[in-house]
1. Among (1) modelled with pLDDT of 90 or more; (2) on the phi < 0 side of the Ramachandran plot, where does Gly105 come up short?
2. Output the residue which, of all residues in the stretch 163-184 that are at pLDDT below 90 and in contact with a Ser or Thr (Cβ under 9 Å, 6 or more places away or on another chain), is farthest from Asn63 (Cα to Cα).
3. Does the stretch 89-98 include one or more residues that are within 13 Å of Leu166 (Cβ to Cβ), touching a strand residue (DSSP E or B) at 6+ places or on another chain (Cβ under 9 Å) and part of a strand (DSSP E or B)?
4. Quick test for you: out of Thr131, Thr155, pick the one residue that is among the hydroxyl-bearing types (Ser, Thr, Tyr), touching a Gly at 6+ places or on another chain (Cβ under 8 Å) and touching a residue at least 60 places away in the same chain (Cβ under 8 Å).
5. So which residues in the stretch 47-87 are over 16 Å from Asp167 (Cβ atoms), open to solvent by 70 Å² or more (accessible area, probe 1.4 Å) and free of Cβ contacts under 8 Å to residues at least 24 places away in the same chain, if there are any at all?
6. Considering only the stretch 116-154, state which residues are within 16 Å of Leu62 (Cβ to Cβ), of a type in the set (A, V, I, L, M, F, W, C) and assigned to a loop (DSSP other than H, G, I, E, B).
7. Looking only at the stretch 100-115, which residues are open to solvent by less than 60 Å² (accessible area, probe 1.4 Å) and in a helix (DSSP H, G or I)?
8. Cβ-Cβ below 7 Å, separation at least six or inter-chain, first residue in the stretch 96-120 and farther than 21 Å from Val154 by Cα and of a type in the set (Gly, Ala, Ser), second open to solvent by 40 Å² or more (accessible area, probe 1.4 Å) and in a loop (DSSP other than H, G, I, E, B): which pairs?
Amino acid sequence: MRRSPLLFTAPLVLLAVLVLILLWEAVRANVSPGVRDGWPWRGSWRKGLLAEGKPAWRVGILNGGQHIAVIESWECRAVLRGGSDVSTAPWVAVPEVVATLTADGLSVGRDYQLIAFGKGFPLVGTGNYETVPVGVFSQRFVERVDALQVRVRVTDVVGDSHERVLDCMRGSRAEHNVPGAEPVNE
């Protein structure tokens, strides 16, 4: 009895494709930010998101679940450069954080955009990695703000509550400080 060549070839082809995907993801994750601009994806520093059209740090939130999650609460806390420790900063509503940032000379639309999601806003479950924008921050903002965190509490379709803290500045300085560029966080 002769074996089918399809049952031998198909698993080998599938294995080869999976190895290629694994290699692609490993290379993509380890490429420097400067080279990444020319590749078929875009990093988190993007141009044209703020009024001046300069590069800005974009932060988004992802519902990794399969179904809708509804926001119960959305709070922020900000620590300006040289301010107190982030763990002692109070959790407040977005307008209070905006007032603090404005008092420090940062301008909405020019230096940052911070989106306030209200109670009941649905975060749709997604099968890909599309995020809902949380904020956009200029280089000036990244230089003047040590920490900006968003605490979000959601309820899923079965009634379970989930809480996450999003560090909006995480990675902004590391991505910006590319070799040959002027450091931001000295």
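1. Of (1) modelled with pLDDT of 90 or more; (2) on the phi < 0 side of the Ramachandran plot, only one is false for Gly105: (2).
2. Across the stretch 163-184, the extreme among qualifying residues is Pro179.
3. no
4. Step by step, each of Thr131, Thr155 is checked, and only Thr131 is among the hydroxyl-bearing types (Ser, Thr, Tyr), touching a Gly at 6+ places or on another chain (Cβ under 8 Å) and touching a residue at least 60 places away in the same chain (Cβ under 8 Å).
5. Selection gives Lys47, Ser84.
6. Phe117, Phe121, Val124
7. Just the residues of the stretch 100-115 that are open to solvent by less than 60 Å² (accessible area, probe 1.4 Å), to begin with: 101, 104-107, 109, 111-112, 114.
Once the filter is applied, which keeps residues that are open to solvent by less than 60 Å² (accessible area, probe 1.4 Å) and in a helix (DSSP H, G or I), the stretch 100-115 yields only Leu101.
8. Filtered contacts from the stretch 96-120: Gly109/Ala51.
The values are calculated or read from the model by the stated rules, or taken from the named source; none is laboratory data. Given the structure is predicted, the values throughout are model-derived calculations rather than measurements. Note: ideal-geometry Cβ built from the backbone for every residue, glycine included; neighbour counts use all protein chains shown. Each accessible area value is taken on the protein alone, full model and side chains, heavy atoms only, with ligands, DNA and RNA left out. Shrake-Rupley method; radii C 1.70, N 1.55, O 1.52, S 1.80 Å.
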